[in-house]
1. Using +1 at the Cβ of each Lys and Arg and -1 at the Cβ of each Asp and Glu in the chain, identify which of Gly60, Gly42, Pro122 lies farthest towards the dipole's positive end.
2. Do you know the relative contact order of the chain, to the nearest whole percent, from alpha carbon pairs under 8 angstrom that are 6+ apart?
3. Per the helix-only calculation at 222 nm, which mean residue ellipticity applies to the chain, given -39500 (n - 2.57) for every DSSP H run of n ≥ 4 and division by its residues, nearest 500 deg cm²/dmol?
4. Do the alpha carbons of any pairs in Lys82/Lys158; Lys105/Lys142; Lys52/Lys82; Lys82/Lys142 sit beyond 32 Å of each other, and which pairs?
5. Around Ala162, under 12 Å between beta carbons, what's the net of Lys plus Arg minus Asp minus Glu among the other residues?
6. Any chance you could run the full-extension gain for Ala57 through Val136? It's 0.36 nm times the residue separation minus the Cα-Cα distance, nm to one decimal.
7. Using only Cα atoms, tell me the angle between helix 2-20 and the longest principal axis of the chain; keep it within 0 to 90° and round to the nearest 10.
8. Let's see if you can work this out: charge +1 on each Lys and Arg Cβ, -1 on each Asp and Glu Cβ, no other charges. What is the dipole magnitude of the chain about its Cα centre, in debye to the nearest 20?
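Each reported figure results from applying straightforward, stated rules to the coordinates on display, with no laboratory input. These numbers were taken from a predicted model, which means no experiment stands behind them. Here the Cβ positions follow ideal geometry from the backbone for every residue, glycine too, while neighbour counts run over all protein chains shown.
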Amino acid sequence: MKTTFLTLAVFFLLVPATLSQEAKPTIQKLAWLTGCWENTRGARFREEIWIKPAGGAMLGLSRSINNDKMTGYEFLRLHEDKGDIYYTAKPSGQAEASFKLVSLKEGKEGEVVFENPTHDFPQRVIYRRKSDTEIVARIEGKMNGQERGIDFPFTQGKCERAFTK
């Protein structure tokens, strides 16, 4: 009887600790971003390219073209640091900014949310997986005291613009 009671007591003490220790997401959970993503609207073309996860990181590049002239670019990095995942962006003409992963929904229509409440705009960077060939990148937060959001819908491309001569 004492053994059973002791076993039950240990079980009830350890189970809550085990349940509260959810596995931290790894960069591998974001592998669905790998590839070339494109958005064309008239004379405007935007592309985002992500290389597959390796070494706890994914590297990305984004550029915007309007009437055959580059109007902006961004160096991107998804990386693990001390058990957390960050989205770090270095846009053209601006300081680098990092956003911490705060939400990850897995699956066919997954979503990943990064936040930096101290950043001017945006404070959130979101990627939504609509299908195997469609994603939406979204930036949102407060600008001039007003909540604002901008969507960038992408379809999976063949990297032809980036890698063919």
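1. Projecting each Cα onto the dipole axis, the largest value belongs to Gly42.
2. Result for the chain is 14 percent.
3. Taking each H run of at least 4 residues, the total per residue is -4500 deg cm²/dmol.
4. Listed pairs above 32 Å: Lys82/Lys158.
5. Summing Lys and Arg as +1 and Asp and Glu as -1 gives 0.
6. Net length gain for the segment: 26.4 nm.
7. Its long axis makes an angle of about 10 degrees.
8. In debye, rounded to 20, the chain gives about 180.
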